[in-house]
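The values are calculated or read from the model by the stated rules, or taken from the named source; none is laboratory data. Because the structure is predicted, anything quoted here is derived from the model rather than measured. A quick note on method: Cβ atoms are made from the backbone with ideal geometry, for glycine too, and the neighbour counts reach across all protein chains shown. Ligands, DNA and RNA are stripped out before the accessible areas are found, and what is left, the full protein with its side chains, is counted by its heavy atoms. Shrake-Rupley method; radii C 1.70, N 1.55, O 1.52, S 1.80 Å.
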Amino acid sequence: MAASKMVMASLTHYRPLTCVASSSINRIVPNPPDLIKWVRNEGGFVHQAVKISEEGNNGFGLIASEPIPKGSEIIVLPDSIPLKFELEGADGSTAVLVNLAQKVPDELWAMKLGLKLLQERAKVGSFWWPYISNLPESYNVPIFFPGEDIKNLQYAPLLHQVNKRCRFLLDFEKELKQTLEKLKSEDHPYGGQNIDASALGWAMSAVSSRAFRLYGKKLPDGTHNDIPMMLPLIDMCNHSFNPNARIMQEQDSVNAKMLIKVVAETPIKQADPLLLNYGCLNNDLFLLDYGFVIPSNPYDCIELKYDGALLDAASMAAGVSSPNFSSPAPWQQQVLSQLYLDGETPNLKVTIGGQELVEGRLLAALRVLLTNDSKIVKKHDLDILKSLSANAPLGIANELDAFRTLIALCVIALGHFPTKITDDESLLKQGVSASTELAIQFRIQKKSLIVDTMRDLTRRVKILLSKNMATT
């Protein structure tokens with residue numbers, strides 16, 4: 001379902017809760033309150049060097065106006081400042097939100113907190129209004145892309161996720177309206193305002209791009225539950241896999257509540273941005289949840305479906321004689337079941353790229369199904385068969401067949417993209433919209449990842465061939 005359809009509805013009340021795709025970094029209100037001053041006034045600490053900059057690649061960000069020594073506390077938030085949604089002990093309008101949140105799939109956890117965020121955005125005099133008014137009025141994430149730019153992503157797994165989210169938002173809009181129209185005015189969580197799919201999409205995007213999953217309430221067993229929360233000012237730190245700051249939680253000795261801190265992980269120079277690691281995520285999640293793509297992302301990968309017929313075709317294209325992926329022997333099926341690639345509840349999603357280069361389950365399956373020697377397979381632990389660093393556990397010939405099959409599989413995966421990298425780069429030079437540029441950048445990175453994987457595997461094939469020649 002096209003995302004453009006989802007954002008057509010508009011609202012005319014005093015605090016509009018609608019969102020459209022945009023590359024701008026406009027706030028919800030033109031001149032929002034000073035967020036640093038608000039945090040300090042509410043009992044938080046902000047290092048004197050912290051400044052808000054508009055120069056960031058992805059909107060506003062924090063920079064150091066003077067050097068900050070390693071180990072320094074940069075921001076400290078008391079327990080009252082984070083925006084979170086406790087799902088227990090609620091009544092009235094909050095109970096309504098809790099019931100609605102329980103209908104949201106866990107994988108879309110951001111929508112649960114998003115319901116609370118919308119309530120606070122709609123509430124006149126909300127404690128969090130100085131924070132919410134500083135949030136972007138729009139998010140350039142795929143659920144708000146025009147339909148053509150969703151297609152421009154060219155990558156089926158991401159297309160599936162985008163369409164899934166769009167369908168959820170449209171369905172949840174109906175669920176929400178049916179629930180809200182039955183309520184008394186005093187129990188209406190949004191003050192009688194209409195909430196449409198675009199408002200829900202804005203809230204989900206705001207949370208997914210800014211919230212952190214941290215310790216919540218202390219449980220009877222002494223542990224803490226894991227709860228998403230929005231951290232005013234802290235969430236303006238941008239992302240890096242090599243951050244100069246980190247988040248930590250510390251219990252306040254006075255009132256036993258959690259303090260949330262950002263501490264300098266390294267010495268921070270004047271004018272340096274303040275950077276946190278959002279997580280070791282692939283580009284699918286960075287684009288879906290944050291609205292950006294990381295070039296040469298070391299954690300990016302390509303998702304494939306384990307399919308016997310496809311692997312037979314790849315093996316034959318690679319010159320491997322008599323592959324039997326479609327008709328494995330009983331002992332091979334047993335190994336596949338151990339890898340969860342066969343059996344009653346298989347997980348057929350496998351990946352190439354990323355830290356592993358080839359997912360261990362896929363590599364083990366290739367090694368096992370490209371040999372007829374069950375005895376040699378049984379000599380090895382499954383973890384060895386899954387390891388790329390294992391030195392040809394089933395022999396050099398078997399390893400060559402496995403790598404060549406993988407290279408052919410990469411060629412097939414690359415062929416599923418309707419454009420080439422050079423075509424994409426030419427399009428970017430012509431000047432395109434922000435959403436089109438993001439879609440093109442995303443697919444360039446996916447194709448580049450496949451090409452890099454092929455090069456790495458080809459290098460390994462050459463090394464194996466040289467070893468094979470040395471022993472003959």
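Quick one: would you say residue 317 is buried (at least 18 other Cβ atoms within 10 Å of the Cβ) and hydrophobic (A, V, I, L, M, F, W, C)? Please lay out each step first, then the result.
Details: buried (at least 18 other Cβ atoms within 10 Å of the Cβ): no; hydrophobic (A, V, I, L, M, F, W, C): yes.
No, not satisfied.
Tally the residues that are part of a helix (DSSP H, G or I) and open to solvent by 50 Å² or more (accessible area, probe 1.4 Å), restricting the search to the stretch 326-336. Lay out the reasoning, then the answer.
Restricting attention to the stretch 326-336, the residues satisfying the condition of being part of a helix (DSSP H, G or I) are 330-336.
Still in the list and also open to solvent by 50 Å² or more (accessible area, probe 1.4 Å): 330-331, 333-334.
Of the residues in the stretch 326-336, 4 are part of a helix (DSSP H, G or I) and open to solvent by 50 Å² or more (accessible area, probe 1.4 Å).
On the basis of being of a type in the set (Val, Ile, Thr), surrounded by 15 or more Cβ atoms within 10 Å (Cβ to Cβ) and without any contact (Cβ under 8 Å) to a residue 12 or more places away in the chain, does residue 463 make the cut?
Numbers: of a type in the set (Val, Ile, Thr): yes; surrounded by 15 or more Cβ atoms within 10 Å (Cβ to Cβ): no; without any contact (Cβ under 8 Å) to a residue 12 or more places away in the chain: yes.
Criteria not met by residue 463.
With the condition kept exactly as written, say whether any residue in the stretch 389-408 is at pLDDT below 95 and under 23 Å from residue 302 (Cα atoms).
Yes, some residue in the stretch 389-408 is at pLDDT below 95 and under 23 Å from residue 302 (Cα atoms).
Would you mind stating whether residue 201 is open to solvent by 10 Å² or more (accessible area, probe 1.4 Å) and either farther than 27 Å from residue 247 by Cβ or part of a helix (DSSP H, G or I) (or both)? Lay out the reasoning, then the answer.
Details: open to solvent by 10 Å² or more (accessible area, probe 1.4 Å): no; either farther than 27 Å from residue 247 by Cβ or part of a helix (DSSP H, G or I) (or both): yes.
Here the answer is no, as residue 201 does not meet what is asked.
For residue 288, work out the one condition from (1) in contact with a Leu (Cβ under 8 Å, 6 or more places away or on another chain); (2) open to solvent by less than 20 Å² (accessible area, probe 1.4 Å); (3) under 17 Å from residue 402 (Cβ atoms) it doesn't fulfil.
Status for residue 288: all satisfied but (3).
So which residues in the stretch 418-463 are farther than 29 Å from residue 406 by Cα and of a type in the set (S, T, N, Q), if there are any at all?
Hits for the stretch 418-463 are 426, 430, 433, 435, 436.
Is it the case that some residue within the stretch 346-360 is in contact (Cβ under 8 Å) with a residue 12 or more places away in the chain, part of a loop (DSSP other than H, G, I, E, B), on the phi > 0 side of the Ramachandran plot and open to solvent by 80 Å² or more (accessible area, probe 1.4 Å)?
So far as the stretch 346-360 goes, no, none of its residues is in contact (Cβ under 8 Å) with a residue 12 or more places away in the chain, part of a loop (DSSP other than H, G, I, E, B), on the phi > 0 side of the Ramachandran plot and open to solvent by 80 Å² or more (accessible area, probe 1.4 Å).
Could you name every one of the helices (runs of 4 or more DSSP H) located completely within the stretch 107-153 that has at least 2 residues being open to solvent by 10 Å² or more (accessible area, probe 1.4 Å) and charged (D, E, K, R)? So that I can check it myself, show each step before the final result.
Numbers: elements: 109-122, 129-132, 147-151.
In the stretch 107-153, 109-122, 147-151 are the helices (runs of 4 or more DSSP H) which contain 2 or more residues that are open to solvent by 10 Å² or more (accessible area, probe 1.4 Å) and charged (D, E, K, R).
If I go through the stretch 292-329 residue by residue, how many of them are without any contact (Cβ under 8 Å) to a residue 60 or more places away in the chain, farther than 30 Å from residue 437 by Cβ and among the hydroxyl-bearing types (Ser, Thr, Tyr)?
Result for the stretch 292-329: 5.
Say we look at the stretch 167-198 and pick out the residues that are within 13 Å of residue 115 (Cα to Cα) and aromatic (Phe, Trp, Tyr); which of these is surrounded by the most Cβ atoms within 10 Å (Cβ to Cβ)?
190
Would you confirm, using the coordinates I've provided, whether residue 164 is outside any helix (DSSP H, G or I), farther than 17 Å from residue 211 by Cα and open to solvent by 20 Å² or more (accessible area, probe 1.4 Å)?
Working: outside any helix (DSSP H, G or I): no; farther than 17 Å from residue 211 by Cα: yes; open to solvent by 20 Å² or more (accessible area, probe 1.4 Å): yes.
So residue 164 fails the test.
Exactly one condition in (1) at pLDDT below 95; (2) part of a helix (DSSP H, G or I) is not met by residue 323; state its number.
(2)
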